[in-house]
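Enquirer: There's a structure below that I have some questions on.
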Amino acid sequence: MMARRPRVIVIGAGLAGSEAAWQAARAGAEVELYEMRPGKYTPAHHTGSFAELVCSNSLRSNQLTNAVGLLKEEMRLMGSLVIEAAYATQVPAGSALAVNREDFSTYITEKIKSSPDIEVHIGEVTDIPDDAVTVIATGPLSSDAIAEKIRELTGGGELHFFDAAAPIVDASTVDMGRAYFASRYGKGDPSDYLNCPMTKEEYDAFYDALVSAEEAELKDFDRESQQSPEVFEGCMPVEIMARRGRDTLRFGPMKPVGLEDPRTGREYWAVVQLRRENKEGTMYNIVGFQTHLTFPEQRRVFRMIPGLGEAEFLRYGVMHRNTYLNSPSLLTNTYSLRSRPDLFFAGQMTGVEGYVESAASGFVAGVNAAAAAKGEDLCVFPPETVIGALAAYVSEGGSGSFQPMNANFGIIAPLGQKVKGGKSKRNEAYAERSLKLVRDLILPRLSCDSEDIL
Ligand SMILES: Cc1cc2nc3c(=O)[nH]c(=O)nc-3n(C[C@H](O)[C@H](O)[C@H](O)COP(=O)(O)OP(=O)(O)OC[C@H]3O[C@@H](n4cnc5c(N)ncnc54)[C@H](O)[C@@H]3O)c2cc1C
């Protein structure tokens, strides 16, 4: 009789769970992947596909001198499914890696469903398995039942903030008499961005309407949070940002510099940018306009934007509670639970922030879950790489209370020497060092000394 292969259970087929399942299978485990959609949805997901992108269609910068660009390259070299899917379904977006969100999720879903090593189960998981190595990747909007079990297991004390998504409009309903195509400073393909320019008078009227518009009720949230929701700076609702000052948006998402109208050469007081959502250019999202205004108020206020007077909204902006673990006291730098090493967590719920970062944590958790199932030493990814630096951050935290973290060069192990030529030269040195480690150390081994685990 053939011996049963090492088994890994992955719960949640989002960005992290899809990557974890793929990597665990690649590392030789027999994987059971559980996903509750389409039977049950989170408040932000709309499809039954795996790795659905709930807000922007951008995986952010593609430059090696940017930490998330470097993270993507590390993952691409190591064979990440999420990054492979992103390049296969890429839509033009200048120096960013943006994707056609449907094609992206379909690509990942099909790859996983056709893998002989991954068995997919559709249905909500309401308890944490204790008979197999398990990766929990149920995301910031984990279903109530599993969230309760995680709370019991980790002793409560989880943290949260609020996250918001931006609306998407039908490109054919944008008034091209007002709007124009242009990329900032002429970088990249001009058709990636539609620009809606405003005069000072139009901006003032829009601003007044925005800051006094009605916000949606934050259902299910406690009263304290209702009064002063703690929002993540990187995905702050536009109306909250606007309240910081009349000109804040003009120096943020409505910055007009480098966006002259190519038809007239005119520079405007403010510009709202719409980024292409799909290859066909039929859908555009309003960049930086995450919001939690009520839907009628989004229609009323955003239609004041020149060019959007008749715009049809294909999706409205929404805001949700986003829960994550107090990971430094709970997880190691392999994303395993200190008190139960056969249980791994991955994704946004560990305190990494963003699509790519979530997938990166899934990569590390998946590789290590397979190693644990095989009885092998776990793999600590070096903190000189962005993928390793994120894992180290999650297990150690920074100073002060634990906050969600995007990929950035501040968390990566310092170079230990000064690099001449400014920040971009320094970042090039980080990238060179990291990619060398990936090629020389991680790729050939993908396993390390368990003594490295914190
Ligand atoms: C509203 C919102 C907007 C965001 N916008 C952005 C953005 O624009 N850019 C960005 O980089 N990041 C954004 N994020 C942050 C983050 O990158 C995403 O949330 C990302 O999807 C996290 O990946 P994940 O794998 O951890 O979770 P998810 O992708 O949410 O995956 C979790 C999966 O688990 C499933 N699941 C949940 N409970 C169960 C259960 N009990 N049983 C089985 N399956 C279950 C869910 O259906 C889902 O498929 C946003 C987050 C939110 C909430």
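Okay, residues lined up against (1) at pLDDT 95 or above; (2) of a type in the set (Lys, Arg); (3) more than 19 Å from Tyr335 (Cα to Cα):
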residue	(1), (2), (3)
Cys379	no, no, no
Pro382	yes, no, no
Gly397	no, no, no
Leu415	no, no, yes
Tyr430	yes, no, yes
Leu441	no, no, yes
Pro444	no, no, yes
Cys448	no, no, no
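Enquirer: What about Val394, is it assigned to a helix (DSSP H, G or I), surrounded by 21 or more Cβ atoms within 10 Å (Cβ to Cβ) and free of Cβ contacts under 8 Å to residues at least 40 places away in the same chain?
Expert: On the way: assigned to a helix (DSSP H, G or I): yes; surrounded by 21 or more Cβ atoms within 10 Å (Cβ to Cβ): yes; free of Cβ contacts under 8 Å to residues at least 40 places away in the same chain: no.
Considered against the rule, which asks whether it is assigned to a helix (DSSP H, G or I), surrounded by 21 or more Cβ atoms within 10 Å (Cβ to Cβ) and free of Cβ contacts under 8 Å to residues at least 40 places away in the same chain, Val394 comes out as no.
Enquirer: Looking at (1) touching a residue at least 60 places away in the same chain (Cβ under 8 Å); (2) away from the ligand (no atom under 12 Å from the Cβ); (3) under 16 Å from the mean Cα position of the chain (by Cα), which is the only condition Asn62 fails?
Expert: (1)
Enquirer: Could I ask something else about it? Is at least one residue of the stretch 27-47 under 18 Å from Ala137 (Cβ atoms), in contact (Cβ under 8 Å) with a residue 60 or more places away in the chain and of a type in the set (Lys, Arg)?
Expert: yes
Enquirer: So Thr42 passes all but one of these: (1) β-branched (Val, Ile, Thr); (2) within 8 Å of the ligand (Cβ to nearest atom); (3) closer than 20 Å to Ala407 by Cβ. Which condition number does it fail?
Expert: So Thr42 meets the others, but not (3).
Enquirer: Across the stretch 117-144, which residue is nearest to Leu53 (Cα to Cα) among those that are buried (at least 20 other Cβ atoms within 10 Å of the Cβ) and among the small types (Gly, Ala, Ser)? Step through it out loud before you land on a result.
Expert: If we filter the stretch 117-144 for residues that are buried (at least 20 other Cβ atoms within 10 Å of the Cβ), which is where we start, we get 118, 125, 133-142.
When the remaining residues are screened for being among the small types (Gly, Ala, Ser), the result is 137, 139, 142.
Values: Ala137: 15, Gly139: 12, Ser142: 15 Å.
Checked the stretch 117-144; the qualifying residue nearest to Leu53 (Cα to Cα) is Gly139.
Enquirer: All but one of (1) touching a helix residue (DSSP H, G or I) at 6+ places or on another chain (Cβ under 8 Å); (2) exposed (fewer than 14 other Cβ atoms within 10 Å of the Cβ); (3) within 30 Å of Gly281 (Cα to Cα) hold for Tyr203; which doesn't?
Expert: (2)
Enquirer: Applying the selection to the stretch 105-146, what residues are within 14 Å of the ligand (Cβ to nearest atom), within 26 Å of Ala86 (Cβ to Cβ), part of a loop (DSSP other than H, G, I, E, B) and of a type outside the set (Val, Ile, Thr)?
Expert: Ala137, Gly139, Pro140, Leu141, Ser142
Enquirer: Go through the stretch 331-356 and give me each residue that's in a helix (DSSP H, G or I) and either surrounded by fewer than 24 Cβ atoms within 10 Å (Cβ to Cβ) or out of contact with any helix residue (DSSP H, G or I) (no Cβ under 6 Å at 6 or more places or on another chain) (or both).
Expert: Keep residues of the stretch 331-356 that are in a helix (DSSP H, G or I), which gives 348-350, 355-356.
Correct list: Met349 only.
Enquirer: I'd like the full set of residues that are within 8 Å of the ligand (Cβ to nearest atom) and part of a loop (DSSP other than H, G, I, E, B), limited to the stretch 6-38.
Expert: Gly12, Ala13, Gly14, Met36, Arg37 - these are the residues of the stretch 6-38 that are within 8 Å of the ligand (Cβ to nearest atom) and part of a loop (DSSP other than H, G, I, E, B).
The values are calculated or read from the model by the stated rules, or taken from the named source; none is laboratory data. Worth saying up front: this structure is predicted, and the values here are computed from it rather than measured. Here Cβ is always computed from backbone atoms with ideal geometry, including for glycine, and neighbour counts include all displayed protein chains.
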